[in-house]
Amino acid sequence: MRHRRRLSSDEEGTREVWPAFTDVMSTLALILFVLVLLAYVQSLIDAKRVEALRHQMDASEQELRGLRAEIEARKTELAASQARLAEQQTRITDTDRQLDTLRSRLQSIAVLRVGVLNKLKDAIEAQLGPSNPSGAALVTIGDNGNIVINESLMFEYGSYAIKKDGKPLLDTLARALGNVLADPDVRASIDTIVIQGHTDERGAAALNWDLSARRATAVLDYLFEANGTLASSYGSYFSASAYSKFRPINPAATEAAYQQNRRIELSIVPRDDNVRKVIDDYVRGAGATVPP
């Protein structure tokens, strides 16, 4: 009979340790595999993320290039706008200069008209004083720039016969008109010197028309008689007109207002061709700066 040999304690310990070591190694290998697998999966995920980021960066770069191109286009457009603005500013400056010239030339025509009227007024006042013995002004400059002669100094109520007291004023006015019209520059700027007749609102319209016309004509006739040069040399510059009641100075229905409205006015009309020439010159000059 064979007998099994009993293992020593060392041999038994070795047999017990080996399986345990194998299990540990297997476990470690499994863990390592899992770690490698996880690392691989993570690398795939990271690669996807990197690819997505790259696409996003490419899109952003493309968008940025588009924005840069748009900015450059805006800069070009801004530069063109600034150039147009500078050109417009130059045109505005030129237009302002031309308007100043036009205004100055038109003003010179207006100043000449006012100057003539003031000369006539000053001549009358220098000869006769500013008022009559009762204190009424002989002549005034109205708001419309005309010389206004108080009707009560010239006519009785409802009459167109010139009063004796009014004749010295018209004599002085006739001489002053002759002196003014002797200046060729004045004549070149005057179209008409109009003697206007005005009445108050009372009375029939037909009578007022006739009365205002007769008064204006009577004054003009007397001026021509007082200074023959006016008719012979400058008659073409004069006219008489009637306005009846239709241009009152004072619309009130009082005796004082009626007396204001009954009057003779002397108006100077500048030559239209002078004014038109000034304006035409401006239009031609301005047109030269207008782009086609």
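What follows draws every value from the coordinates through simple rules; no lab data is involved. Everything quoted here is computed from the prediction, not taken from an experiment. Cβ coordinates were reconstructed from backbone atoms using ideal geometry, including for glycine residues, and neighbour counts include every protein chain displayed.
Tell me, what is the FRET efficiency for residue 28 and residue 63 to the nearest 0.05, using R0 = 41 angstrom and their Cβ-Cβ distance as r?
Numbers: r = 51 Å, r/R0 = 1.25.
Taking R0 as 41 Å, the efficiency between residue 28 and residue 63 is 0.20.
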With label points set 7 Å from each Cα along the Cα-to-Cβ direction at residue 252 and residue 201, the distance between them in nm comes to 1.3 nm
From fewest to most C-beta neighbours within 10 Å, the residues 163, 245 line up as 163, 245
Could you tell me what % of all Cα pairs in segment 108-278 have separations over 30 Å? 14 percent
Taking the Cα centre as origin and putting +1 on Lys and Arg beta-carbons and -1 on Asp and Glu beta-carbons, what dipole magnitude results for segment 108-278, to the nearest 20 debye? 120 debye
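Relative to the present Cα-Cα distance, how much length would full extension add between residue 131 and residue 79 at 0.36 nm per residue of separation? Walk me through the numbers on the way to the answer.
On the way: separation 52, 0.36 × 52 = 18.72 nm, distance 6.99 nm.
Here the segment from residue 131 to residue 79 would lengthen by 11.7 nm.
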How many angstrom lie between the Cα centre of segment 146-182 and the Cα centre of segment 191-213? 16 Å
